[in-house]
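What follows is a short report on a single structure.
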Amino acid sequence: MASRQDLRSGFRERNLQKALGVYLYIGPALLVLAVTSIYPVIYSVVMSFFDWEWGGKVSFIWFGNYLRYLSDRSFWQVVWQTFYFTIGAVSVELVLGMALAIIVNRLRFGVGIVRTLLMIPLMVSGIIVALMWKILLDPTLGIVNYLLRLLHLPTSVWFGAPGSAMPSIILVDTWWQTAFVFIVLSAGLRSLPREPFEAAEVDGATSWQSFRYLTLPMLKPVLLTVLIFRTIDCLKVFAIIFGTTGGGPNMVTESVQTLAYRTAFKFLKLSRSMTLMVIFSIIILALLLIYMRVGERETVREGGSR
């Protein structure tokens, strides 16, 4: 019989072979990730401590770029505008996506056709969506104002006025990305067990009571996932703002991404642009940690109640 030491050495060899096999499979992917993601992040963080303009000298200034932006009111105004867009777009998309998921989930015929039609906007790139809606919402030639005039309803300049520019961009993003929320929540609704709803129906619960006390609690993990993805995506908004208003009028629709773009490619201040993205990445990371912390507390609370 084999000794205990021989058995241990055999287990170690097999575990080592498995580990080597795993690393051989994921090694190329990790290498690509390091080159395309990790290196640019490290490079941006390092260069944010320098004063670097295109074609100029590179000088080390420690935290000079950070102090410049953290004490700049216009930067925090841009941050607020980015969060204003995010809060508005995510809120509307969650409500509308949930309503569409519930309605489509109750359909008996044509469900596949409806889902396919709702997914069409996701197939279009952001800049194309922006240019398309810029034409549709044109104050003089756009079809939207034309239809409003036919119905004797008030028209709008949409992207041309400070008061309506950001809501118009939120409208465009809602048309574009509500389908994502709908797809995820629709899948979550189909995965819910039927027994609790059947028991609630027998007990005489209304549709609103079933939604409030059964659907929403069981969908919390899915809702949190959608909230995280859409929040991060909206905070990184660039294409639809760049394609519709370019940050105007009077910079009321400027986002952190468009500000970083103009700083780098219009004013050629590359290190300041990198500093902008490092600061905002830290803000997004802090928000993500808060979301995850809230999700963990909800999970622990539900586990304790059971």
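Here TYR66 passes the criteria (1) touching a residue at least 24 places away in the same chain (Cβ under 8 Å); (2) within 30 Å of TRP175 (Cβ to Cβ) except the one numbered (2). Listed by first and then second residue, the pairs with beta-carbon distance under 7 Å, at least 6 apart or on different chains, first residue in the range 261-279 and in a strand (DSSP E or B), second crowded, with 18+ Cβ neighbours inside 10 Å and at pLDDT 90 or above, are LYS269/THR263. The listed residues are SER191, SER186, and the only one of them that is modelled with pLDDT of 90 or more and under 14 Å from VAL222 (Cβ atoms) turns out to be SER186.
Hey, can you tell me all the residues within the range 38-80 that are of a type in the set (S, T, N, Q), over 17 Å from ILE282 (Cβ atoms) and touching a strand residue (DSSP E or B) at 6+ places or on another chain (Cβ under 9 Å)?
Initial filter on the range 38-80 (of a type in the set (S, T, N, Q)): 44, 48, 59, 65, 71, 74, 77.
With over 17 Å from ILE282 (Cβ atoms) added as a condition, the list becomes 59, 74, 77.
Listed by number, the list holds a single entry, SER59.
Quick check, is SER125 exposed (fewer than 14 other Cβ atoms within 10 Å of the Cβ), under 30 Å from GLY247 (Cα atoms), small (Gly, Ala, Ser) and assigned by TED's automatic domain parsing to the domain that holds GLY247?
Working: exposed (fewer than 14 other Cβ atoms within 10 Å of the Cβ): yes; under 30 Å from GLY247 (Cα atoms): yes; small (Gly, Ala, Ser): yes; assigned by TED's automatic domain parsing to the domain that holds GLY247: yes.
Yes, satisfied.
Is at least one residue of the range 164-176 part of a helix (DSSP H, G or I) and more than 22 Å from the chain's Cα centre (by Cα)? Among the residues of the range 164-176, at least one is part of a helix (DSSP H, G or I) and more than 22 Å from the chain's Cα centre (by Cα), which makes the answer yes. Checking each residue in the range 129-166 for being in contact (Cβ under 8 Å) with a residue 40 or more places away in the chain and surrounded by fewer than 16 Cβ atoms within 10 Å (Cβ to Cβ) picks out LEU131, GLY160, ALA161, PRO162.
For the criterion of being at pLDDT 90 or above and loosely packed, with under 10 Cβ neighbours inside 10 Å, SER3 fails.
The values are calculated or read from the model by the stated rules, or taken from the named source; none is laboratory data. A quick note: this is a predicted structure, and the numbers were derived from the prediction, not measured. With ideal geometry, Cβ positions are generated from the backbone for all residues, glycine too; neighbour counts draw on all protein chains shown.
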